[in-house]
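Have a look at the structure below, then the notes.
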Amino acid sequence: MTVIEKPATYVDRARTTSILTIVTGVSALVFGILILIWPQTTLLVVAVLFGLQLLISGIVRIVSGAMDSFSEGWHRGLSITLGVLIVLAGILCIRNPALSLLTIIVLVAIGWLVDGVINIVLGAQSRPGDRLGRILMGVVFLIGAVLLLVFPTSALLTFVLLGGWILIVFGIVILIAGILGLRAAKKLRLTV
């Protein structure tokens, strides 16, 4: 059954999704900057910061999937499932920060890898105006994941600096995508 969406409802949904995207971008940007400010941070703090970022990202994905009543069921289910997996990875990092750095790297890389693939797939299926930002987010997530998996035995400082810069890039890209979404929603609101 296809649901016909009212223009005002679509605009509200686009605005809400853009705001949630901005929240994810700001959290990644803030945590990335904090990591770069204190590069000698202990493993405990690094694990908690990445865990918090994964937790926020997963919650945003769950909320987006639950609120998106106009998407197909598989799309919503996939988004919610991915959100749950990302939340679990975040909780693992927060609850047991004494995990080895390699384990944290693998958990973060898997979360980014899955998020990257999902964003690219969903971006390819999106409307032309929404496509580029989603695919770009996916590519950035994939590059970050590959870098973490290719260099898993790097020193803690390298991981901290690399992770901080990756989070800053994620934050900027996601923030831009959210702002562009808000602009598009504003233009839609004016035409409705």
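The values are calculated or read from the model by the stated rules, or taken from the named source; none is laboratory data. In this text the structure is predicted, and so the values were computed from the model without any measurement. FYI the Cβ positions are ideal-geometry reconstructions off the backbone, even for glycines, and counts take in every protein chain you see.
Miscellaneous remarks
- Residue in region 23-44 that is modelled with pLDDT of 80 or more, farther than 26 Å from G164 by Cβ, in a helix (DSSP H, G or I) and of a type outside the set (A, V, I, L, M, F, W, C) present: no
- Check on L29, touching a Pro at 6+ places or on another chain (Cβ under 7 Å) and of a type in the set (A, V, I, L, M): no
- Cβ pairs under 7 Å, 6+ apart, first in region 4-15 and of a type outside the set (A, V, I, L, M), second exposed (fewer than 14 other Cβ atoms within 10 Å of the Cβ) and modelled with pLDDT under 70: P7/V192
- When residues in region 105-154 are screened for being under 20 Å from L92 (Cα atoms) and of a type in the set (V, I, T), 5 of them pass.
- Test: residue in region 97-120 that is farther than 21 Å from L149 by Cα and either within 13 Å of the chain's Cα centre (by Cα) or assigned to a helix (DSSP H, G or I) (or both): no
Residues are listed down the side, and each one gets a yes or a no for (1) more than 28 Å from V48 (Cβ to Cβ); (2) touching a residue at least 24 places away in the same chain (Cβ under 8 Å); (3) among the basic types (K, R); (4) part of a helix (DSSP H, G or I):
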residue	(1), (2), (3), (4)
I86	no, yes, no, yes
L132	yes, no, no, yes
L147	no, no, no, yes
G164	no, yes, no, yes
